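> Take this structure, written in structure tokens, and hold onto it; I'll ask about it next.
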Amino acid sequence: MDAVIMAAGLGTRLRPHTEKVPKPLLPVRGRPILDWALGALPKSVDRVIVVINYHGEQIEQYLRSQTHIPRAEVVWQKEPRGTGDALRSCQERLASRINTSLFGTENSERNFSGASSFLVCNGDDLYGAADLARMVTHRAAMLCAPVTEPEKFGIATTRSDGSLERLVEKPKGLNGEQLANAGVYTFPLDVFDIELSLSPRGEYEITQYVSELATRGRVAIERALFWLPIGDVAAWNAAQQVELDAVLQGR
């Protein structure tokens, strides 16, 4: 199975630490964030495609020496035009593995074939290995985490069966615990049949793929047991105190 890791961001909220080093290579407990991320991937992942831009040559160099995944490749996102565009840049590479279409199948997961879907993760957050292992059992899925400040996140609303109904970006007026988009997805290969449009902030968003899939069929929601976003210097410093070995050993 393929996994795509998004690692093209500028890491502006972690400056000055990211002025000369890309955010995915910042150390956490003596290892790059990206090294922890690769180690947490399920054993079924035998190829990883890393989308790079900012200081991308450093990530390329790291991938040549990593020992977690048998095949590690990069795709350059030439312009930072959003997460949807970053994923779309991997289309040809992903299609080289299989050309099976899934939209014509019955709206269930019993016909799922792991080779026909792929995993996508943010490259600057850390995720539990057990959560990622559950994600790859679905043809289409999104990882969510409970939060009490929904106005800071993309929030998932669910159908009666627990699957995704829709995503709402940073909603106002919601009270109590809500499910936030944690930035991990399982997509069927022909998700690229969906044509992306520019968002109000002028980018192509990966969440448009998720929302469109939910209108066409079932997008499962898995609840994260472990999610460690490393969005700023305070979060990066706090991550140094977290015991990661037990939750991030997936391979």
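The values are calculated or read from the model by the stated rules, or taken from the named source; none is laboratory data. Keep in mind that what you see is a predicted model, and the values were worked out from it rather than measured. Ideal geometry is used to build each Cβ from the backbone, glycine not excepted, and the neighbour counts take in all protein chains shown.
> Of everything in region 163-212, what is charged (D, E, K, R) and within 22 Å of residue 138 (Cα to Cα)? Give them in sequence order.
Within region 163-212, 165, 166, 190, 193, 205, 212 qualify.
> Now a separate question. Can you report the number of residues in region 181-206 which are at pLDDT 95 or above and among the polar types (S, T, N, Q)?
2
> Okay, moving on. Does residue 165 satisfy being among the acidic types (Asp, Glu), surrounded by fewer than 20 Cβ atoms within 10 Å (Cβ to Cβ) and modelled with pLDDT under 90?
no
> So, residue 151, is that one outside any loop (DSSP other than H, G, I, E, B), under 25 Å from residue 93 (Cβ atoms) and free of Cβ contacts under 8 Å to residues at least 24 places away in the same chain or not?
For residue 151, the condition - outside any loop (DSSP other than H, G, I, E, B), under 25 Å from residue 93 (Cβ atoms) and free of Cβ contacts under 8 Å to residues at least 24 places away in the same chain - is not met.
> Still on this structure, I have one more. Tell me, which residue of region 157-182 that is among the acidic types (Asp, Glu) and more than 20 Å from residue 83 (Cα to Cα) is nearest to the chain's Cα centre (by Cα)?
165
> OK, next. Looking only at region 194-215, decide whether some residue is without any contact (Cβ under 8 Å) to a residue 24 or more places away in the chain, not hydrophobic (A, V, I, L, M, F, W, C) and not in a loop (DSSP other than H, G, I, E, B).
Yes, region 194-215 contains at least one residue that is without any contact (Cβ under 8 Å) to a residue 24 or more places away in the chain, not hydrophobic (A, V, I, L, M, F, W, C) and not in a loop (DSSP other than H, G, I, E, B).
> A further question follows. Residue 23: surrounded by fewer than 20 Cβ atoms within 10 Å (Cβ to Cβ) and touching a residue at least 60 places away in the same chain (Cβ under 8 Å), yes or no?
When the stated conditions are applied, residue 23 does not pass them.
> What number of residues within region 134-144 satisfy the criterion of being within 30 Å of residue 234 (Cβ to Cβ) and either acidic (Asp, Glu) or surrounded by fewer than 21 Cβ atoms within 10 Å (Cβ to Cβ) (or both)?
Selection size over region 134-144: 1.
> Okay, moving on. Can you say whether residue 183 is part of a strand (DSSP E or B), within 29 Å of residue 19 (Cα to Cα) and not charged (D, E, K, R), as far as the supplied structure shows?
When the stated conditions are applied, residue 183 passes them.
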